[in-house]
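Reviewing the structure listed below.
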Amino acid sequence: MDFLQIIILALIQGITEFLPISSSGHLVLPAQLLGWEDQGNAFDVAVHVGTLLAVCIYFWADIKALWNGWTASLIKKQPSHEAKLSWCIIWATLPALVFGGVLSLLNWDEKLRSTLVIATTTIVFGLLLWQSELKGKMNRELTEMTVYLALLIGFSQALALIPGTSRSGITITIALFLGFNRAAAARFSFLLSIPVILAAGTLKTLQLIASTEPVAWDVLVYGAVIAGVSAFLCIHWFLGFINRIGLLPFVIYRLLLGVVLFSLYFATEF
């Protein structure tokens, strides 16, 4: 990988991991347009580590409070909002872990990774995001999250295992349908990303250890740093502007991206 390729792929991962626009939809484009080979498991691990560090640093105060609340609920049986939210995140994570494990064992994750699938899901779930923006009541705060509501969001997160869906996009969509305001939906989506990215990064690391491909450590470090910095800035920007700009710009962008991906698919197939 040359340095330009490292920058582009790391930026794509860092930015699109947390915006509701599908990282897999964007990672298809460089290969299609520029003829690049797959970047390999090692680079995937590096950029996942970068985005994980970014979200953990940004939400460090929240993570610390959630951890303290969760441990207090276990040891001292002391209820709190932080303990309740921690349990909600744990329960909401389980569906994605279960379905992700099944897909990986059956090797369906690779079979679903086609331009046609990604183009279709980019548009379909983009339209669903638009409907949530139009029909969501947006009167619930994060303090009103319950295990039941978190599980509904968690099952929707499992759909993000289908390439092109967008993990942040589908979780924000369902949270809006459930009545949460944009800021609460986005914040829960980002906090929910931490165990999922950690699990995905761990799985990719194990795959890397089992493989025999050579490791270019300088490439991995550059990729992790670029992905981490861009992810941190993306989170900050998105949380700061979501209530003002709404989600329609991302819906329009997804529809345009879907059209581009369909065009690329038909151009190569016919």
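The values are calculated or read from the model by the stated rules, or taken from the named source; none is laboratory data. Owing to the predicted nature of the structure, the values given are computational and were not obtained by experimental measurement. Cβ sites come from the backbone with ideal geometry, for glycine too, and all protein chains shown count toward neighbours. Side chains included, ligands, DNA and RNA excluded: accessible areas come from the protein's heavy atoms. Shrake-Rupley method; radii C 1.70, N 1.55, O 1.52, S 1.80 Å.
Remarks
- Segment 193-205, subset open to solvent by 50 Å² or more (accessible area, probe 1.4 Å) and at pLDDT 80 or above, residue farthest from L103 (Cα to Cα): L198
- Index of the failed condition, T202 passing every other in (1) closer than 24 Å to Q5 by Cβ; (2) part of a helix (DSSP H, G or I); (3) over 15 Å from the mean Cα position of the chain (by Cα): (1)
- Within segment 1-52, considering residues that are assigned to a helix (DSSP H, G or I) and of a type in the set (F, W, Y), the one modelled with the highest pLDDT: F3
- Selection within segment 148-165 - at positive phi and open to solvent by 10 Å² or more (accessible area, probe 1.4 Å): none
- Cβ-Cβ under 7 Å pairs, at least 6 apart or on other chains, segment 208-234 side acidic (D, E), far side crowded, with 16+ Cβ neighbours inside 10 Å: E213/G40; E213/A42
- Some residue of segment 72-87 being closer than 30 Å to L128 by Cα, modelled with pLDDT under 95 and in contact with a Leu (Cβ under 7 Å, 6 or more places away or on another chain): no
- Among the residues of segment 258-269, none qualifies, meaning not one is at pLDDT 95 or above, touching a Gly at 6+ places or on another chain (Cβ under 9 Å) and crowded, with 21+ Cβ neighbours inside 10 Å.
- A residue that is assigned to a strand (DSSP E or B) and within 17 Å of W130 (Cα to Cα) cannot be found anywhere in segment 235-252.
- Subset of segment 120-133 (residues that are modelled with pLDDT of 95 or more and either among the β-branched types (V, I, T) or farther than 30 Å from S80 by Cβ (or both)): I123, V124, F125, G126, L127, L128, L129, W130, Q131
- Selection status of G136, over 21 Å from V55 (Cβ atoms), surrounded by 15 or more Cβ atoms within 10 Å (Cβ to Cβ) and of a type outside the set (F, W, Y): yes
- Taken over segment 22-53, the criterion of being β-branched (V, I, T) and touching a Lys or Arg at 6+ places or on another chain (Cβ under 6 Å) is satisfied by V45 alone.
- Exactly one residue out of D2, D44 is more than 26 Å from T122 (Cα to Cα) and either in contact with a Leu (Cβ under 6 Å, 6 or more places away or on another chain) or acidic (D, E) (or both): that is D2.
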